[in-house]
Amino acid sequence: MPKGDNRLKILYVLDELRLNSQSKSELQDDRFLSASALIDILNDKYGLNADRKSVYNYIESLIKYGYQIEKSRRGYYLIEHHQPEDENGFELAELKMIVDALTASRFISAAKTKRIIRKLQALTDENGDSLANRLIYYEQAVKSDNSSVIYNIDAIHTAIINDRKITFKYRKTVVDFDLSMGQLVSVNKTGDDNKDKIYSQSPYALVWKNEYYYVICYDAKTQAPRTFRVDRMKDVTVEEHTPREGSRFFEEINITEYANTAFSMYGGETVNILLRVKMSLAGVIADRFGRNIAIYHDENSQYFRCSVNVQKSPQFYSWLSGFGSDIELLYPRGLREDYMRYLDDILQSYRSHEDSFTI
């Protein structure tokens, strides 16, 4: 066997890791190559003199360069490999990540989610069923019932790029509360008082916050920014002959800073809580937590109780306090007391500055 080119050792190591990671074997151990195996391959297959130290150095260099190589007692496994036959193709792991993002997105309807995942399935020849199996996860997700959301987004993008206004109908969240069945029904039903109202707005930015898409517009009537949730918009149309208004207003403000202050982010320990909610706010609860939540009777027929999971944070307390006495945190007791302290601190701050406050 002719002597190989030692300068190519690291490339041969990469090739062998790539080939082995694409192995059809169902045994995970078979996808790992040990240092001893790599030495034998370099010696026997490529006619190179290799030792353990040089193999270790090649692996470390590949990791530093950006390749994701898993190291264990079994050897080395190339997690994120390139596919030389199709450099622009998706890896199965990448498709799974896209599917997970789709299923978690509230603004995409369940039907549209299923259709997109089926199209993604066609992009892989290996283990395609593993994408279809991920469909089960969105069944529990809070999903929009508006299948035209992605077309709304496209229309809004077009209007922003071409400096044009948009018209649309905006749907209120209306929920019927069926206490006999213990569930919330008819989420996002168009309210009669809002059915025929058409909005004309100048869009300036699309923002994805709190699992929903929003569009920030300039409202000519109020001469101020106004925010709309895209999945509540219907029949979005670009006004091809009507330029946007408010360009000077948005030149004077930082739209990124505005977006960060317009939408609150949640974070913290996840806690199961019991809320006492006024019937008229059933839509708010369905919109925030979905319909698949535990519903209970309350002694007052104007209220109901529900059990939901939340993330304990000042932002959650801020959201809760915005409804005053219409939504009451009942349980757990410790969280209720913590929320009361949060409210007391706000009141104390106001009282402490009352005497010194002047206009």
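So here's what we get for this one:
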{"item": "Strands (runs of 3 or more DSSP E) contained in the stretch 282-356 and holding at least 3 residues closer than 28 Å to residue 231 by Cβ", "result": "303-311"}
{"item": "Criterion (of a type outside the set (Phe, Trp, Tyr), assigned to a helix (DSSP H, G or I) and touching a residue at least 60 places away in the same chain (Cβ under 8 Å)) met by exactly one of 231, 235", "result": "231"}
{"item": "Residue under evaluation residue 223, criteria (1) at pLDDT 85 or above; (2) at positive phi; (3) touching an Asp or Glu at 6+ places or on another chain (Cβ under 8 Å), criterion not met", "result": "(3)"}
{"item": "Which numbered condition residue 18 misses (of (1) modelled with pLDDT of 80 or more; (2) of a type in the set (Lys, Arg); (3) over 30 Å from residue 117 (Cα atoms))", "result": "(3)"}
{"item": "Hits in the stretch 90-140 - residues which are modelled with pLDDT under 60, in a helix (DSSP H, G or I) and among the acidic types (Asp, Glu)", "result": "129, 139"}
{"item": "Subset of the stretch 50-62 that is within 12 Å of residue 10 (Cβ to Cβ) and free of Cβ contacts under 8 Å to residues at least 12 places away in the same chain - its residue that is surrounded by the fewest Cβ atoms within 10 Å (Cβ to Cβ)", "result": "60"}
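The values are calculated or read from the model by the stated rules, or taken from the named source; none is laboratory data. All figures in this text were calculated on a predicted structure; none of them were measured in a lab. We place every Cβ from the backbone using ideal geometry, glycine too, and count neighbours over all the protein chains shown.
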